[in-house]
Structure formats: C-alpha cells, structure tokens
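Okay, so here's the structure we're looking at.
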Amino acid sequence: MSSAVRYEVLAPQRTDNSNAIAILACGARKENFLKPKIKQLIQLDQVLTQVASYTHSQVAADELITTLGSHDFQTVKAELALTYEAHQLLANSVLLTFFDLDQLTVIKAKLDQGLLLNASQLGLLGDFLTSSQRLAMTLGQYQSLAPKLNSLIAPVTGLRGLQRELTRVIQHGQVADDATPELRRLRQQLKQQRQQVKAALTTFIQKHPQAVQSRRLITRNDHVCVQLKASYRQKFAGQLIDQSGSGSTVFFEPKVAVQRGAELANLQAAADAEVYQLLATLTGDIQTHWNQLLQQQQLVSRLDQIMARGEYGLAIDAHVPVLNQDQHVKIVAGRHPLLKTKAVPLTVELDSQQGLMITGANSGGKTVVLKTIALFVLMIQVGLEVPAEAGTSLPVFDQVWLDMGDNQSLAAQLSTFAAEMTTLVEMTANIRPNALVLLDEIGSGTDPEEGSALSIAIIEYLRQQQATIIATTHFSAIKQYAVTCPTLTTATMAFNPQTLRPTYQLVLNQVGASEAIWLAERLGLRPDILQAARQRLLADH
C-alpha cells in the first residue's frame, strides 16, 4: 500500500448528522472495544486508514483498519512499546523490506481445493520464507534499538529446512535442472535430442524453401515442427501434428525427424513426470507445514502493521504518552492529526475522575476539543502514538461512551431528544468504573429547563459511578451547575472581541457565551432581524 491517500480534514466545527452511539468494552466478556460507529464519529477510522497506507499488502492494511483495540493496561503498554521501537528504527533510517502477502491468497485457495501447486506458486512461498528470514536478520542487527520487535519476529526462522528445499528446487519460478540427478540427466538428453531434431528440420527447410510459410520452427503438442503450406502436405512423408485456424498452414513433422521427435517426446514425458513428482512432494510439504506458514504470515503482517504505526507517528511528530490507571488526563500541546497545520494546539489537564464542561461560541471548536481528547484516548488503545508534547499522560479506560450530534431517528420514529435519551438510558444502565463519557450538547433537543434538569441528574449519576465526563453545553443552568460542581472543570472556547471570531483555543476555569447572534450574522442573517434580536436580549437583561 505505497500510494498516497487523500483525506478530507476535520472542519473546526461540530458535526450534527451522526446518530448517537454507545460503546462498551467489557474485560470479562469478549466484546469489541471499538465498534465501527465510534471509529467513524471520533474519526479514528480516517486515522487508521492513513496508517494503513504505510503497509505493504492489502492483508495487513485490512487488519490494521479493522483493529479492535484493547482496554487492558498491560496490552496497551506493550503495543505502544512496539510502536515506539518501530518509530525509533525509522528515525534511524532502518528500512525493512516486506513481502506482498496478498500473493499467498491464491495459494491458499488452491490448497483448500486440494490442487497441486505449480512451480511459480512454490517459488513464491520460497521467496516469502526467505523474505521473512531476512526481516528477522535485519532486525537482529538492531537488537539494542528494537529488542521487543526482535522477540516478536523470531519465530519466522522456524522453517529454514522448507525454505532451503523450496529455493533449491525452484529457481526463477521453474523447477531447476539439477533438482534431482534424474531430472538433470533427462534435461541434458532433451537438449541434445532437441538440437538434433532442429538440425534435421533446418535441413528440410533449406531443401524445400518454397514449401514452408516461415523458416521459423514451432513446437506443437511436444513436437518440433515446420510451418508447411497446406498445399504441400501430401508431397512429403511425415506426420501432421496440427494446423492453423485458417487452415492455410499445417504444423508438420517430416519423416527425417519423426523418430528423433518420438524420442524427444518420450524424454519430455519422462522429464514432466519427474517434475510432477517434485511438485507433488513440495505441495505435500507445504500442506504439512501450512499452519506454521499461516503463523508466519500473521507475524509478518503484524510487524508490517507495527512499522506502519511507527511510520505514521514519525510523519505526524507523535510520541508515546505516559500511561496511567487513575483516569488522569493530561494533554500538552496536542494537535488533531487530521487538521495538520490548521490544528490549534490543545493543552488540558483533568485529575482522576475530574470532568470537563466546555462552553462557548457556536462553531468555536467545542466539539473539536471533545473529539481530540477522545481520539487521543482511543489512539493509544490501538497502539498509536499521539501528536502531543512531552508531559502528556493518558489513562487506559475500560469503557468509552459517546453521545454526539443530531440523534433523530426517522426509522425508529424517534425525535432528537428521544433518540438521545435511548442512548443515555443504555449508558446509565451499563456504566462501570473507569469509563470515559463524552456528551456533546446533552439534553439540547427539548425544553431548556427540563433538558437541563435531566442532564444535570444524569451527569450527577455518572459522577457517582466514577466516570470521567467531558461534555459541551449552551444551557445556562448546566453552566451554573458545572461552576459549583467540585469534580467538574469549566472551560470555554476563546472568542476574539476585536475580530468577533473564535480562536479555537480552550481556556480553563471560565464560562463562555454561545455567541448565537454573532454566528447568525456570520451566516448572513438580515441586519434588521439581528438588530431586533439584540434589542430583545438587552430588554431581557
């Protein structure tokens, strides 16, 4: 997968047409930690697609894109250590050459059907084993730089005997002449006999130039023939081997070459039988070791994916954060990887089980902050470094719950608020300690007073369940609650009063206005309507 892939970058505004999604990862039960919907909403799917573009086969790319991630602390720590080693190898200009694993798909299909592998396919398997062993050899030269990757890839050296036999018997996609003493003898005789046949036929052509369509000899049905004009076929002794589609040319073996041709055909049949026996033996060897070959394929694919993760980290200037198990979130100058140069660095710190309530202008970047924090959390849980500065520390959460965007469900005949409540009902019924909860405009689809009251009650319950809550809101009652809540930090998105534009910077310990009139003006609402709104707002205050 060497070709570059283009992506649409995340705009610095909220997305309002995604269904609510609840994600649950259970330690005891084998549920997927990452389901496709949360990957899409947090844009982890786009990040993984970018990472997959650095792999060298579709097999590895598909496995990387569909990775499930982990919520086990030691597993996440181990995966990040492997990614760090890959990053360091690439930073030191160590390049690994990977075999295209997609070529093994046809081979597996033939074996599943019980078919004989041909020389080309056996040669590919020999090349695969050779390539795998070279990977291990190259990594072995950098043992001090990548000890864990060395241990990971070490098992690929386990089929050396099969690799030697394949590369000895199959050379350049063909069975080698000296694969067996008998094959060597037969092919030497074939060469001599073919020369004698060609000499006899060349003499025939020289004697009868008017009778041939071409002076070039041609092989048909294991017989070397002259291309005789059809009108001369009855004028010479010999045997007709084949004819052209038009019938104007016959492929003819003159009597002078018939005996030698018969001997040549017999030798060829004997050589073919010897080759068949070799192919059958090697195919049997492959079938015997197929499980080990599959394990090697999986190891090489896994190494390819890890190196792709390292290459992505190098490309976006990412680093492995300090991991913790106490829900401490600290991001230092974090940059959303899809925003590239447009990203405004994010710095935020939340102590254990401390939440964040983000307020401020519409289109000011609240949802981008929420998504960036969530994306960083999920990136480490799929083994990816994060684009943030030293000092960044992230927890490994057991659960990630998300309520985001316009949740209206026409199919289920649910309003925006009803669909959101369905998600929140599931969330509150299944929440467990060490959960990250992301709430974007909670309770916004109904009456502000009732919506605020319900939202505060839900947040209070989630706090009691020791969840880390990151939420956005425009409701004044929720803002006031957040100010007095001991485990919630307030924050606003900065708004430049001179330019009347958002700066997309997060400012902690402040509460911001929604700036709805500013946004309406920016979007082109009539000036007289805007003036009326401002006058009404002044009258209400």
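Quick one: in the range 383-416, of everything that is part of a strand (DSSP E or B) and under 23 Å from the mean Cα position of the chain (by Cα), which residue is modelled with the highest pLDDT? Within the range 383-416, the match that is modelled with the highest pLDDT is VAL386. Looking at the range 184-206, is at least one residue in a strand (DSSP E or B), in contact with a strand residue (DSSP E or B) (Cβ under 8 Å, 6 or more places away or on another chain) and at negative phi? No, the conditions are met nowhere in the range 184-206.
For the range 66-78, filtering for residues that are surrounded by 15 or more Cβ atoms within 10 Å (Cβ to Cβ) and closer than 20 Å to GLN46 by Cα leaves 3.
Can we say SER132 is polar (S, T, N, Q), assigned by TED's automatic domain parsing to the domain that holds MET307 and surrounded by fewer than 16 Cβ atoms within 10 Å (Cβ to Cβ)? So SER132 does not fit the description; no. Summed over the range 91-142, the residues that are assigned to a loop (DSSP other than H, G, I, E, B), in contact (Cβ under 8 Å) with a residue 40 or more places away in the chain and within 30 Å of GLN277 (Cα to Cα) give a count of 5. Inside the range 467-484, residues that are in contact with a strand residue (DSSP E or B) (Cβ under 8 Å, 6 or more places away or on another chain) and outside any helix (DSSP H, G or I) make up a count of 8.
The one condition from (1) at pLDDT 95 or above; (2) touching a helix residue (DSSP H, G or I) at 6+ places or on another chain (Cβ under 6 Å) that ARG260 does not meet is (1).
Can you confirm whether LEU145 is farther than 15 Å from THR105 by Cα, part of a helix (DSSP H, G or I) and under 26 Å from the mean Cα position of the chain (by Cα)? It is false that LEU145 is farther than 15 Å from THR105 by Cα, part of a helix (DSSP H, G or I) and under 26 Å from the mean Cα position of the chain (by Cα). Any residue in the range 189-213 that is touching a residue at least 24 places away in the same chain (Cβ under 8 Å) sitting within a Cβ distance under 9 Å of a residue that is basic (Lys, Arg) and outside any helix (DSSP H, G or I)? List the pairs, counting only those 6 or more apart or interchain. Cβ pairs passing all conditions: HIS208/LYS235; ALA211/LYS229; ALA211/LYS235; GLN213/LYS229. When the range 432-479 is limited to residues that are of a type in the set (Ser, Thr, Tyr) and in contact with a Gly (Cβ under 9 Å, 6 or more places away or on another chain), the one that is nearest to LEU506 (Cα to Cα) turns out to be THR472.
Among the conditions (1) part of a helix (DSSP H, G or I); (2) in contact with a Phe, Trp or Tyr (Cβ under 8 Å, 6 or more places away or on another chain); (3) modelled with pLDDT under 95, SER70 misses just one, which is (1).
Determine whether the range 345-353 contains at least one residue that is within 24 Å of the chain's Cα centre (by Cα) and hydrophobic (A, V, I, L, M, F, W, C). Taking every residue of the range 345-353 in turn, none turns out to be within 24 Å of the chain's Cα centre (by Cα) and hydrophobic (A, V, I, L, M, F, W, C). Restricting attention to the range 477-521, the residues that are modelled with pLDDT of 85 or more and polar (S, T, N, Q) total 6.
The values are calculated or read from the model by the stated rules, or taken from the named source; none is laboratory data. Being a predicted model, the structure only gives us computed values, none of them experimental. With ideal geometry, Cβ positions are generated from the backbone for all residues, glycine too; neighbour counts draw on all protein chains shown.
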